[in-house]
Amino acid sequence: GEDAELQEVSFGVQQLTPYGGTYEVEVSGLREDTNRRLTPNFATGDPVEVYTTEFRLGFTQPILRDFGADVTRNQIHIAQNNLTISNEAFRQQVIDSTSQVQQIYWELVFSRQDLQVRLQQLDLAEQLLARVRRQVEVGTLAPIEVLQAETEIARINEQIIIAANAVRDAEDRLKRAMHLSLVGEFADVEILPTDPPAYSPTQIDQAAEIRQALEQRPDLKQAKLTLDNQNITLVFNQNQVLPTLDIAGSLRFNGISDTFGDSLGEFDTKRREFAVGLVFSYPLGNRRAKGQVRQSRLAIRQQLLRIKELEENAMEEVRRAMRGVRASSELVQATRAASRLAQKQLEAEEKKLKVGLATVFTVLEFQEDLAVERSNEIRSLTRFLQARVNLEAVKSTLLQVNDIVIESNGPQLR
């Protein structure tokens, strides 16, 4: 009879080539304990150990279906694009947050300066009241004039209370935009703006502004990367319509001995096997692959229309933002002129009051006019600065303008 015990172990590696082919290297070992008649020790009945080692090198290279670097690396390219799409989405979030913070910051600047205007108006009214009281004492003015001044001061104090409350509201909005809690150590912290509003009119080149928007906007970049993914998918799907035609080959060597080490040294070129051939297959109809090609082409057409729509939206938003900058710039100049005129009118009315050609009531009215014009000037200036922020946000250049750099430590695919 024959008794045999077999033990086999093997290991190997397989690698995909850039053009869709695969190659593999495998080494296997077979250990056999046997007392078969073919062994020298059959007469004694002692088992004999026989080691067989085989080395195999194989390769497969597609010629039609699955051939080419674009087909092989399509998922890698799509993953790279998807990573960039995610980065662009994050950049849009940072732009939105930065724009929101800056818009609220200028609202706080306006609120604080508007409060200062009312405090200045109160100071002027109190100075006027002091003069009126002196004139009443010497008999050059009637006591009713004191009542008019005191009434106006009371009304101004009401406006100061409202303006101070607006400052606190603006501070809370800015704290929330900066993700500071409204409870705890930062809840009642006073925010003092360090950047005063400055007017610097600049010439705006509409063509250049639109070009920047079309180059920088994250939504357009995302849409174009999505289109690139769809083109990659179309190339892959078109390839999958082709029949399979592969070149396949293998080369084998083996060695036999009574120890494993010796079997590795017993590789003999005479004990080798080489094979090469072609593998061809074609699914009848191949409807699934052809349907995917049609779907890819339709998706590309739809995405092209979406990109066109996004470009039109970007141009419309830039044009609207530019008009906002121009209009607010013109308002700054107009309100500044009105404020200067209101100051001169007040000075003239005060001189007339000293010689008895004006009344306290008219002086108080001119003080109110000056306060209103100063407030309008500050409002127009802050709106001009907000419009500039909005224009940069619409173009998606707000981060560059403010020297904000987004650093990414995420995976970088190549």
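The values are calculated or read from the model by the stated rules, or taken from the named source; none is laboratory data. Small disclaimer: the values here were computed from a predicted structure and weren't measured. Cβ sites come from the backbone with ideal geometry, for glycine too, and all protein chains shown count toward neighbours. The area values use the complete protein model at the heavy-atom level, side chains included, leaving out ligands, DNA and RNA. Shrake-Rupley method; radii C 1.70, N 1.55, O 1.52, S 1.80 Å.
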- Within the range 295-322, residues of a type in the set (A, V, I, L, M, F, W, C) and either open to solvent by 80 Å² or more (accessible area, probe 1.4 Å) or closer than 26 Å to Ala207 by Cβ (or both) come out as Leu298, Leu304, Leu305, Ile307, Leu310, Ala314, Met315, Val318, Ala321, Met322
- Take Phe384 and decide whether it is in the same structural domain as Ile144 (by the TED database), in contact (Cβ under 8 Å) with a residue 60 or more places away in the chain, open to solvent by 70 Å² or more (accessible area, probe 1.4 Å) and not charged (D, E, K, R). no
- Task: Residues being in a helix (DSSP H, G or I) and not small (Gly, Ala, Ser): count how many of those fall in the range 64-80.
- Result: 9
- State whether the residues of the range 374-381 include one that is open to solvent by less than 70 Å² (accessible area, probe 1.4 Å), among the hydrophobic types (A, V, I, L, M, F, W, C), more than 30 Å from Val325 (Cα to Cα) and touching a residue at least 24 places away in the same chain (Cβ under 8 Å). no
- Tally the residues that are exposed (fewer than 13 other Cβ atoms within 10 Å of the Cβ), touching a helix residue (DSSP H, G or I) at 6+ places or on another chain (Cβ under 6 Å) and either in a strand (DSSP E or B) or modelled with pLDDT under 70 (or both), restricting the search to the range 1-53. 0
- With Asp96, Asp123 as the choices, which residue is closer than 15 Å to Ile153 by Cβ, of a type in the set (D, E, K, R) and loosely packed, with under 14 Cβ neighbours inside 10 Å? Asp123
- Note on the structure: Across the range 307-323, the tally of residues that are within 21 Å of Arg388 (Cα to Cα) and touching a Lys or Arg at 6+ places or on another chain (Cβ under 7 Å) stands at 2
- Is the range 194-212 home to any residue that is modelled with pLDDT of 95 or more, more than 30 Å from Asn313 (Cα to Cα) and among the small types (Gly, Ala, Ser)? no
- Item | Number of the exception - Leu364 against (1) part of a helix (DSSP H, G or I); (2) open to solvent by 20 Å² or more (accessible area, probe 1.4 Å) | (2)
- Message: Which pairs turn up if I take residues in the range 356-373 that are closer than 11 Å to Ala149 by Cβ and look for partners that are open to solvent by 60 Å² or more (accessible area, probe 1.4 Å) and in a helix (DSSP H, G or I) with beta carbon separation below 7 Å, at least 6 apart in sequence or on another chain?
- Response: Val360/Gln148; Phe361/Gln148; Leu364/Gln148
- Mind checking whether some residue in the range 177-186 is at negative phi, within 35 Å of the chain's Cα centre (by Cα) and at pLDDT 85 or above? yes
- Task: Being open to solvent by less than 40 Å² (accessible area, probe 1.4 Å), closer than 23 Å to Leu364 by Cα, modelled with pLDDT under 95 and not in a helix (DSSP H, G or I) narrows it down to one of Leu129, Leu141, so name that one.
- Result: Leu141
